[in-house]
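To start, the structure itself, in structure tokens.
No lab work stands behind these numbers, since they all come straight from the coordinates. Note that the structure is a prediction, hence the values are computed from the model and not measured. Every residue, glycine among them, receives a Cβ derived from its backbone with ideal geometry; neighbour counts consider all protein chains shown.
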Amino acid sequence: MSDVPPTEAMPPTEPTGALPPTPAPAPASGGGSAIEPWGWLALLAGVALLLGLLLEENGSNLWDQSEAWSVFAIACALAVLTLLLRKTLSWSAERAWTVAAVGAGGLVLYWLLLVLPSISRNTSFAITVAAAAAVGAVWLAPGRRDPTR
């Protein structure tokens, strides 16, 4: 015989009727949060504006024809992009929305004054898309104030 003492038997456990705890769901792969639809519209506004300003048509582009107004339009598009940079800038949703709304309004003004008179140009379509996307981004973004208050 061996010198190993016998092990004590564990008493049987009685079922309690409770289910074992379920593990928490794993975070989605990809590492970051998905961009909301209004964020995609804000990005589209910036890209479409740059295309409309810089692509040449009939030997010229809008940038060369009106540099100061083009800088204004780019500043407005950057203001719309503050919707995506809100957390980085430590801004509230209301503040980012207000800045973006001013930017979208500026793009609409640019469209009315400089693009609409030459709407038949192909590059005018890109600026039209930019202005519409900026307005859509502001319309859908969080932080919009209730006008009845």
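FRET efficiency for the R145 to S66 pair, using the beta carbon distance and R₀ = 25 Å, is estimated at 0.15. A crude spin-label estimate for the pair L55 and V102, with each label 7 Å from Cα along the Cβ direction, gives 3.1 nm. Sorting 77-87, 127-137 by average packing, meaning the other beta carbons within 10 Å per residue, from highest down gives 127-137, 77-87.
Can you order the peptides 51-63, 97-109, 35-47 by their average number of other Cβ atoms within 10 Å per residue, highest first?
On the way: 51-63: 15.5, 97-109: 21.1, 35-47: 18.6.
In decreasing order of mean packing, 51-63, 97-109, 35-47 become 97-109, 35-47, 51-63.
Approximating the spin labels as points 7 Å out from Cα along Cα→Cβ, the L112-to-L78 distance works out to 2.4 nm. Tell me, how many Å apart are the Cα centres for segment 129-146 and for segment 96-120? One Cα centre to the other: 12 Å.
Fully extended, how many nm does the chain gain between A34 and F125 (0.36 nm per residue separation, minus their Cα-Cα distance)?
On the way: separation 91, 0.36 × 91 = 32.76 nm, distance 2.84 nm.
This chain segment gains 29.9 nm when fully extended.
All other residues whose Cβ lies under 13 angstrom from that of D64 are scored, Lys and Arg at +1 and Asp and Glu at -1, for a net of -3.
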